[in-house]
Amino acid sequence: MMNRFRLRRAAAALFVGSALLLTACGQSGQGAGTSPASAGPAGSAPPSSSAPAPETEGASVSESAAASPEASGSAADGSCSAGQLSAVVETEPGGGAAGSVYRTLVLTNTGDTSCTLAGYPGVSYVDAKGKQVGAAADRDPDATTVAVTVAPGGTAAAQLRQTNAQNYGEECGLTEVAGVKVYPPNRKDSLVAEQETVGCSDDSVVLMTVGTFQAP
């Protein structure tokens, strides 16, 4: 009887000990799988160690940074601007032809740096208010294009043939003009050579033909 009681107590003690051992092992395993990084909120990423790259000043160039040269100076390609030129229309000796006159358009470099004239100028008549009268000049197809370097005080000349507007009569819209507007080659700025004459307001009538600039 006594032996059975002792066996039951030993078995109970063994059972309780086994249960305590299993509980301790479970708690130990759970703690070992927990890392410091998991202490934050779920789904949060660890802070990045790289700082954002600093912005570079002047990384983009605006159109205003590439401003065109002043009208009084030559262009970036060295071509003559209207602001550094003066213009005059001269009559060639014996330049008269049937109903037309051969004249010379002379441009003088009034600036302090050399510049280049190469090709045909844009030419048209203007009235006293600077408004264009009639059609712009045609280009002489036989003219040869050369690059003329014009030093300060130097000149370049282009032949200018002007037809008498009276040849067309009143039907062409005879109009008094005050000068010839000149656009230097490859430029959008202009200047005026004074010349009082008569033009045609009808822009289907072309009264002038211009050649290319040549060295004097």
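The values are calculated or read from the model by the stated rules, or taken from the named source; none is laboratory data. Everything numeric in this text was worked out from a predicted model, so none of it was measured. Every residue, glycine as well, gets a Cβ built from its backbone with ideal geometry; the counts of neighbours run over all protein chains shown. The area values use the complete protein model at the heavy-atom level, side chains included, leaving out ligands, DNA and RNA. Shrake-Rupley method; radii C 1.70, N 1.55, O 1.52, S 1.80 Å.
Quick notes on this structure:
- Answer residue from region 90-109, given it is small (G, A, S) and modelled with pLDDT of 75 or more and is nearest to the chain's Cα centre (by Cα) among those: S100
- Selection from region 103-129 of residues that are closer than 17 Å to T163 by Cβ and either touching an Asp or Glu at 6+ places or on another chain (Cβ under 7 Å) or open to solvent by 40 Å² or more (accessible area, probe 1.4 Å) (or both): R103, T104
- Within region 181-208, residues that are touching a residue at least 60 places away in the same chain (Cβ under 8 Å) and over 13 Å from G130 (Cβ atoms) sit with their Cβ atoms under 7 Å from residues that are charged (D, E, K, R) and surrounded by 18 or more Cβ atoms within 10 Å (Cβ to Cβ), at 6+ positions apart or across chains, in these pairs: M208/R161.
- Residue match in region 83-102 (condition: among the polar types (S, T, N, Q), crowded, with 16+ Cβ neighbours inside 10 Å and closer than 13 Å to F213 by Cα): no
- With respect to the stated conditions, V205 is assigned to a loop (DSSP other than H, G, I, E, B) and of a type in the set (A, V, I, L, M, F, W, C).
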